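The values are calculated or read from the model by the stated rules, or taken from the named source; none is laboratory data. None of the values given here were measured: they were computed from a predicted structure. Glycine gets a Cβ as well: all are built from the backbone with ideal geometry, and neighbour counts include every protein chain shown. Heavy atoms of the whole protein, side chains included, go into the accessibility calculation; ligands, DNA and RNA do not. Shrake-Rupley method; radii C 1.70, N 1.55, O 1.52, S 1.80 Å.
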Amino acid sequence: MRVLVTGACGQLGYAVSQELAVRGTEYLGLSALEMDVTDQASVQKRLRAYRPDVVINCAAYTKVDQAEDDVGECWAVNVNGVQNLAVGCGEIGAKLVHLSTDYVFSGEGDQPYAPDDCVGPLCVYAQSKLAGELAAR
């Protein structure tokens with residue numbers, strides 16, 4: 001199995017890449033400089049060249065507070081980028097694993113969240129991550 005990891009220079013992407021290496025899984029980890037998820041042509045070029053079976057999307061705009069002032073960039077990465085990956089994966093028959101955040105929930109309650117719990121994003125970052133989840137589907 002061939003795996004492509006986006007956002008491989010970030011904290012999560014690096015950890016995922018290290019785990020794949022330990023397991024002996026063939027993978028290619030790409031930074032934002034190597035594949036800009038917000039650019040459909042860049043995504044298609046990389047996916048067609050590597051032809052992964054699975055794409056693990058760790059690319060994300062994660063500056064929660066700054067997202068309120070940088071809505072366009074936040075949305076470009078967390079929504080449009082995910083949509084570009086989903087379309088690209090569909091074109092080559094790859095599976096997309098998209099990682100989100102607990103920020104999509106309201107923060108109320110005292111129990112761990114379950115995947116089917118009601119969402120209630122309270123900020124731009126959270127709204128973009130929820131929209132990214134929907135784009136991945």
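The residue list VAL71, VAL79 contains one member that is in contact (Cβ under 8 Å) with a residue 40 or more places away in the chain, surrounded by fewer than 18 Cβ atoms within 10 Å (Cβ to Cβ) and among the β-branched types (Val, Ile, Thr), which is VAL71. Could you tell me whether ALA49 is under 21 Å from TYR125 (Cβ atoms) and aliphatic (A, V, I, L, M)? No: the conditions fail for ALA49.
Does at least one position in region 97-117 carry a residue that is under 16 Å from ARG2 (Cα atoms) and touching a residue at least 24 places away in the same chain (Cβ under 8 Å)? Within region 97-117 (the criterion being under 16 Å from ARG2 (Cα atoms) and touching a residue at least 24 places away in the same chain (Cβ under 8 Å)), the answer is yes, since at least one residue qualifies.
Tallying residues that are surrounded by fewer than 19 Cβ atoms within 10 Å (Cβ to Cβ) and among the hydroxyl-bearing types (Ser, Thr, Tyr) within region 12-29 yields 2. The test for being touching a strand residue (DSSP E or B) at 6+ places or on another chain (Cβ under 9 Å) and either closer than 20 Å to ALA135 by Cα or of a type outside the set (Ser, Thr, Tyr) (or both) does not hold for ARG23. Test TYR14 against the criterion of being closer than 24 Å to THR101 by Cβ, touching a Phe, Trp or Tyr at 6+ places or on another chain (Cβ under 9 Å) and aromatic (Phe, Trp, Tyr), and give yes or no. Criteria not met by TYR14. Of all residues in region 63-107, none satisfies the criterion of being of a type in the set (Ser, Thr, Tyr), closer than 22 Å to LEU28 by Cα and touching a Ser or Thr at 6+ places or on another chain (Cβ under 9 Å). The residue of region 35-55 that is farthest from ALA86 (Cα to Cα), among those that are of a type in the set (Gly, Ala, Ser) and open to solvent by 50 Å² or more (accessible area, probe 1.4 Å), is ALA49. Listed by position, the helices (runs of 4 or more DSSP H) inside region 1-107 whose residues that are modelled with pLDDT of 95 or more and not hydroxyl-bearing (Ser, Thr, Tyr) number at least 3 are 11-22, 40-50, 81-92.
The set of residues in region 78-137 that are more than 24 Å from PRO52 (Cα to Cα) and aliphatic (A, V, I, L, M) comprises VAL104, ALA114, VAL119, LEU122, VAL124, ALA126, LEU130, ALA131.
For the condition open to solvent by 60 Å² or more (accessible area, probe 1.4 Å) and within 13 Å of the chain's Cα centre (by Cα), ALA32 qualifies.
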